[in-house]
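Participant: Structure incoming, see below.
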Amino acid sequence: MAECAKNPESLYLPRYATIKKIINMTEAEKFYQLELDDGSELGHQPGQFVEVSLIGYGECPISISSSPTAKGFELCVRKVGRITELMHNLKPGDKLGIRGPFGKGFPVEKLKGKDLLFIGGGIGMVPLRSFINYATDKRKDYGRIILLYGARSPKEIFNFPEFEDWKAGKKDVELHLTVDRGDDKWKGNVGVITTLIPPLKIDLEKTVAIICGPPVMYKFTLLALEGKNFKESNIYLSLERRMKCGVGKCGHCQIHGYYCCQDGPVFHYPQIKGIKEAL
Amino acid sequence: MKKGVIAKKDFGAWVEKLKKEGQLFGPKKRTDKFYHFDKVEDPMELALDYSSTILPPKKFFVPPKDDTILEFNLKTGDMKVPKMEPDKEIILLGIHACDMQGLLRLDLCWKEGNPDCTYLARRAHSTIIGITCNPDEYCFCTKVGSNNFREGFDLFLSDLGQSFLAEAFTPKGEKLLALAKTSEASMLDDELAYKAKLKCGNERGVEFLPKVEELPLLCMNGEDLPMWTEDFGRRCLACGTCTNVCPTCYCFDVKDDIDLNLTTGRRTRSWDSCQLEGFTEVAGGEKFMHDQATRQKHRFYRKFRYLTTKFGGAAFCVGCGRCGRQCTAEISVPETANKLFLGVKAQKS
């Protein structure tokens, strides 16, 4: 029982956080700014996630979208399941239960001095934004910040608070946008995200790719990076799984010997290469 | 180590005393064919010569359904983790070596990383009294090395015919043994106890081709064998019985329930199964184990590869035979292990 002498209740006990502001991102996604009621900071690393509770209804894992360099924390939530649908009905001042932060985030310390190539598809942009903002806040610690961002259509591009700055090149983020299908007003790239990779001019020794997107995106993105002679050891991926308990117990997120909620959601590519069902 | 011989005629009186020491559970007949662990009221109900029970003793530490992990009040916003310690000591009487090994494997999992203090509190408040067993044609504990009659037990009973040799391995066990009317054990009693222990697992001689320590590597090399897709993936009916009855399966689902007063409620966990189609499904519909072959392989690999290598040693299948005994499609661990062994061998040559 020595394991339980210190704070034995914390495993499944959420803390309350209050919604300070809600921004509509797209038709399906809302963006929540939150603060913990006990006044503490979440203390997360970019790439980690929290278990969000609607007490009485249930819990689901949500990526943290803000950088730990900012006050409070932010979540971007797609209306896709029972809990997230209910979350979309909430208003500023309402409370959520929060457990976490959980899992392994991006290795922000190890990647100091590197050029960062972010490759985000759809809602995969949410955890990437945490690291992008971290890197722009600690600008001197990192080299180039390149962002490839693919959305299904122009309407589905996330209008994060700093997105206009990225577009204007203000934050030193080299943004390359593409959409699967354009509309009348769209003048940018049309095509899947992998079409943005071949023309990139990058230093292969110095650049690290950080990928997050829908399951189908990983395989093709890895192929495109391989085509560019990108080193496998320079690739990190954030994976989605059913991380029900968040603490490595319930079994739903297991990828072979790994628990995505503990050993991930961010994996170094050599860790999971060749593992069936991982990618 | 303290030991003594308890005559079977004195056994009932001892059980009556054990009942006063906590909540006493033991094997009872449930139907003609099946046994279960249940609360002991009358010593006469005990079926200590049972082969196996439907559910393993994990049910006392991780209840099958509605195990409360959080209580809440929607009006006040209060949230509380319920008391973790059981009201009374959990005393399990008549536990076989395989099931004890199962509990020891579970201990590893619940302790590791983020310790689950509810489980650990229940285990800390438990006393386990083992017994020699009466194997049937499904048992194979010797093949996976779980015929250990000492590790984890507080007290162990060897059936000598007219009496039991009781060996206490812990202070808790000694305390319970002191409640029994005992006589001194002779050399012959020790030898008869040894013989009773040997009977375990070996009697029916289930065929199990690989050595247990070879299995992690066989799993690694056998991922692409057609047996998964063409044999087990097709036969498995995805009912989840094998994981329910497994002494080392502990995956769970979580849900919130609100009472009729619409104010109070609780968050509970219930057993889940990796054999069910929706086990890995996320909101949006993606399933990361997309077919039954993958799910079958996952279960077997979790027993012999993933957790074995993670915890560095023992197999997470303890050879109790429950999954094979209960499977409607007649899939068993020995059959799977044998096909894997032969498949990998054929692949190499």
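Participant: Given R₀ = 41 Å, FRET efficiency for A:Arg144-A:Val190 by Cβ-Cβ distance, to 0.05?
Facilitator: 0.95
Participant: From the helices alone, meaning DSSP H stretches of at least four residues, give me the mean residue ellipticity at 222 nm for chain B, per-run term -39500 (n - 2.57), in deg cm²/dmol to the nearest 500.
Facilitator: One gets -8500 deg cm²/dmol as the mean residue ellipticity at 222 nm.
Participant: Right, here's the next one. As an exercise, use a Förster radius of 25 Å and the Cβ-Cβ distance of B:Leu276 and B:Lys310 to find the FRET efficiency, rounded to the nearest 0.05.
Facilitator: For B:Leu276 and B:Lys310, the calculated efficiency is 0.60.
Participant: Okay, next question. Loop-only GluC sites (Glu not before Pro) in the stretch A:24-78, please: DSSP not H, G, I, E or B, and at most 13 other Cβ atoms within 10 Å.
Facilitator: A:Glu27, A:Glu41
Participant: Given the stretch A:83-152, what whole percent of its Cα pairs are spread farther than 14 Å?
Facilitator: Of all Cα-Cα pairs in the stretch A:83-152, 69 percent lie more than 14 Å apart.
Participant: For a label point 7 Å from the Cα of A:Ser10 along Cα→C-beta, name the residues of the stretch B:78-115 whose backbone N is under 12 Å from it.
Facilitator: Those under the cut-off are B:114-115.
Participant: Please build a GNM for chain B, connecting alpha carbons under 10 Å apart, and tell me which residue among B:Asp291, B:Asp78, B:Asp116 fluctuates the most.
Facilitator: B:Asp78
Participant: Bin by bin, in steps of 20 Å, what percent of the Cα pairs in the protein assembly as shown do you find, going until the bin that has the longest distance?
Facilitator: Using 20 Å bins, I get a P(r) of 18, 44, 29, 9, 1 for the protein assembly as shown.
Participant: Then there is this: May I ask you to list the GluC sites (Glu not before Pro) in the stretch B:1-55 that are in a DSSP loop and have at most 15 other Cβ atoms within 10 Å of their Cβ?
Facilitator: Passing sites in the stretch B:1-55 are B:Glu21, B:Glu41.
Participant: For a quick check, take a GNM of chain B with Cα springs below 10 Å and name the residue from B:Asp159, B:Asp32, B:Asp67 with the largest mean-square fluctuation.
Facilitator: B:Asp32
Participant: List the cysteines of chain B that have no other Cys Cβ closer than 4.7 Å: which are they?
Facilitator: Result for chain B is B:Cys109, B:Cys133, B:Cys139, B:Cys200, B:Cys219, B:Cys236, B:Cys239, B:Cys251, B:Cys274, B:Cys317, B:Cys327, no neighbouring Cys Cβ within the cutoff.
Participant: Same structure, new question: Just to be sure I follow: if Rg is taken over the C-alpha atoms of chain B and Rh is the Kirkwood radius over the same atoms, what is Rg/Rh?
Facilitator: Result: Rg/Rh = 1.00.
Participant: Give the lysines whose C-alpha is closer than 21 Å to that of A:Lys110, dropping any in the same chain fewer than 8 places away, or say none.
Facilitator: Hits, sequence-local ones excluded: A:Lys138, A:Lys140, A:Lys206, A:Lys231, A:Lys273.
Participant: Next up: Explain nothing, just the number: relative contact order of chain B, from Cα pairs under 8 Å at least 6 residues apart, as a whole percent.
Facilitator: Across chain B, relative contact order equals 22 percent.
Participant: If each of B:Lys195 and B:Asp259 carries a label point 7 Å out from its Cα toward its Cβ, how far apart are those two points in nm?
Facilitator: Simple spin-label model gives 5.9 nm for this pair.
Participant: Here is a further query. Round to the nearest 0.05 the FRET efficiency obtained for A:Lys228 and B:Lys345 when R0 = 45 Å and r is the Cβ-Cβ distance.
Facilitator: Calculated value: 0.60.
Participant: Run the reach check for A:Lys249 against aspartates and glutamates, Cα to Cα strictly under 16 Å, same-chain hits fewer than 8 apart removed. What comes back?
Facilitator: List returned: A:Glu3, A:Glu9, A:Glu51, A:Glu59, A:Asp263, B:Asp67, B:Asp107, B:Glu112, B:Asp116, B:Asp253, B:Asp272.
Participant: To continue, here is another question. Starting from 0 in steps of 10 Å, tell me what percent of the Cα-Cα pairs of chain A lands in each bin.
Facilitator: 6, 29, 36, 22, 5, 1, 0
Participant: Considering only C-alpha atoms, what is the centroid distance from the stretch B:146-219 to the stretch B:83-101, in Å?
Facilitator: 17 Å
Participant: I would also like to ask the following. Given the options B:Leu262, B:Leu160, B:Leu188, state which has the largest fluctuation in a GNM of chain B using a 10 Å cut-off (strictly under) for Cα springs.
Facilitator: B:Leu262
Participant: Per residue and in cubic angstrom, what volume does the convex hull of the Cα atoms of the stretch A:115-238 have?
Facilitator: 101 Å³
Throughout, read-outs are computed from the coordinates displayed, never taken from laboratory work. This structure is a prediction, so every number in the text was calculated from the model and none was measured. As a convention, Cβ positions derive from the backbone with ideal geometry for all residues, glycine included, and neighbour counts pool all protein chains shown.
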